[in-house]
Structures are given as structure tokens and as C-alpha cells.
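Engineer: Can you read through this structure? Questions will come right after.
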Amino acid sequence: EPEVTQTPSHQVTQMGQEVILRCVPISNHLYFYWYRQILGQKVEFLVSFYNNEISEKSEIFDDQFSVERPDGSNFTLKIRSTKLEDSAMYFCASTAMTGGTEAFFGQGTRLTVV
Amino acid sequence: GESVGLHLPTLSVQEGDNSIINCAYSNSASDYFIWYKQESGKGPQFIIDIRSNMDKRQGQRVTVLLNKTVKHLSLQIAATQPGDSAVYFCAESQGGSQGNLIFGKGTKLSVKP
């Protein structure tokens with residue numbers, strides 16, 4: 001069964017450092033997403049990406065965040081200068097079409113900012 | 001320091017019983033709804049979805065009911081098994097140009113053997 005894969009599974013970084021979270025979406029999917037889940041809280045939408053550009057972003061996705069699809073398979077989330085409150089599980093998801101279709105989620109990357 | 005987070009509603013059922021998990025969604029313009037299961041340390045896993053032109057949809061051991069009048073969604077799990085123990089989230093989205101999901105708070109289901 002096709003799956004979304006994320007690396008690393010756990011990333012520890014010092015406050016102020018840059019981190020890049022990596023995702024390989026399902027190969028024939030066209031829409032890509034990042035979500036985050038702070039420990040014990042609900043999953044929150046960060047950004048959606050289609051045709052090499054951001055199609056929508058939430059208030060959480062400020063100037064410290066960026067996304068990129070550097071090649072035909074990877075989809076990355078970069079946090080330029082991490083803050084303690086960026087500590088969370090970050091989930092990548094992909095869909096074949098926009099809206100109204102099942103989103104497949106990766107296993108997540110646990111980001112710990114110390 | 002003290003951790004701050006949502007206290008999830010918890011549903012505790014006996015193995016073999018039926019479970020009903022409820023969700024109130026927020027946006028009357030939402031037209032697509034999904035139930036996800038999340039086990040500890042894992043990503044959300046799709047269970048079942050329903051579009052707004054339906055009020056009921058059945059899968060294997062699961063049924064989703066949609067009441068658009070009161071913006072309410074429920075997930076029924078028949079013959080609940082220990083492997084069903086997880087946190088269950090409902091999610092809503094608007095079709096068309098938006099694909100992002102808005103997740104509910106989640107309900108923790110505990111199945112007693």
C-alpha cells in the first residue's frame with residue numbers, strides 16, 4: 001500500500017537553529033500539506049502546496065516557515081529560527097485531488113526545541 | 001513545569017460492545033468530512049469519509065452519520081475490539097479550491113478486554 005514517509009522521526013534542535021523536515025508524498029499525488037500537533041492538542045493545518053506554490057496557509061505559518069518541493073519526490077518544511085513553542089509533531093499529508101478526497105498522512109516528525 | 005493541553009473526552013467500552021463517538025463541526029460551508037484514528041506516536045489514519053449530500057455511510061464495522069442541521073457527525077464502531085483503542089478525530093473541509101482539513105479536538109476510545 002502506498003504511504004507518505006517522513007524523515008527524521010525525531011529531531012532535537014537548539015532554539016534559534018534552522019531545521020528542515022522532509023517528506024516523500026505518495027508518488028501520483030499532486031497536493032501536499034503540512035500539519036502540526038502540539039502534545040495533547042488537536043492537529044492544526046499549516047500549509048497546502050500545489051503546482052510548486054503555496055495554495056493556502058494558516059496564521060501559524062508565518063515568515064519563519066517555508067516549504068519547497070526541490071525535486072520530483074521530496075516535499076520539505078523549513079523553520080528558519082526555531083522557538084520553544086515550535087516543539088510539536090509535524091505531519092506531512094498528500095492527496096490525489098484537492099478537497100473531498102482522502103488525505104494520507106505520514107508517521108510524523110517529532111520536533112523538540114531546547 | 002505544568003504541561004498545558006486539551007483534556008480529551010474519553011469513551012471507555014467493553015470489548016464486543018458498540019461505540020459511538022460524536023463530533024460537532026464548525027463550518028456550515030464544509031462539505032466533506034472524515035474520521036481519522038490516531039494511535040500513540042503515529043499519524044492520523046483514515047477510517048471513513050462522507051460528503052454533505054449524504055447523511056449516512058457504512059464501511060467495515062464502522063458507520064458515519066451526518067446531521068447538517070445541527071452540524072453534528074458521529075462514528076459508530078460495531079463490536080469494538082482492543083485494537084480500536086486510539087484517539088479519534090473528525091475533520092472537515094470545503095471541496096473545490098480548499099483541501100486543508102480542520103480537525104476536531106478528538107475523543108480517546110479505550111476498549112476493555
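The values are calculated or read from the model by the stated rules, or taken from the named source; none is laboratory data. As the structure is a computational prediction, the values presented were derived from the model and not from experiment. Every residue, glycine among them, receives a Cβ derived from its backbone with ideal geometry; neighbour counts consider all protein chains shown.
Engineer: Please work out which one of (1) assigned to a loop (DSSP other than H, G, I, E, B); (2) surrounded by 20 or more Cβ atoms within 10 Å (Cβ to Cβ); (3) small (Gly, Ala, Ser) is the condition residue A:27 fails and give its number.
Structural biologist: Answer for residue A:27: the failing condition is (2).
Engineer: Residues that are in a strand (DSSP E or B), at pLDDT below 95 and of a type in the set (Lys, Arg): does the stretch A:58-76 have at least one?
Structural biologist: no
Engineer: Quick check: anything in the stretch B:62-79 part of a strand (DSSP E or B) and among the basic types (Lys, Arg)?
Structural biologist: No.
Engineer: Looking at A:72, A:40, which is the one that is surrounded by fewer than 20 Cβ atoms within 10 Å (Cβ to Cβ) and touching a His at 6+ places or on another chain (Cβ under 9 Å)?
Structural biologist: Result: A:40 is the single residue among A:72, A:40 that is surrounded by fewer than 20 Cβ atoms within 10 Å (Cβ to Cβ) and touching a His at 6+ places or on another chain (Cβ under 9 Å).
Engineer: Any idea which of B:20, B:34 is in contact (Cβ under 8 Å) with a residue 40 or more places away in the chain, within 11 Å of chain A (Cβ to nearest Cβ) and of a type outside the set (S, T, N, Q)?
Structural biologist: Going through B:20, B:34 in turn, the sole match is B:34.
Engineer: Continuing with this model, one more query. So which residues in the stretch A:3-24 are in contact with a helix residue (DSSP H, G or I) (Cβ under 9 Å, 6 or more places away or on another chain) and either surrounded by fewer than 16 Cβ atoms within 10 Å (Cβ to Cβ) or free of Cβ contacts under 8 Å to residues at least 24 places away in the same chain (or both), if there are any at all?
Structural biologist: A:15
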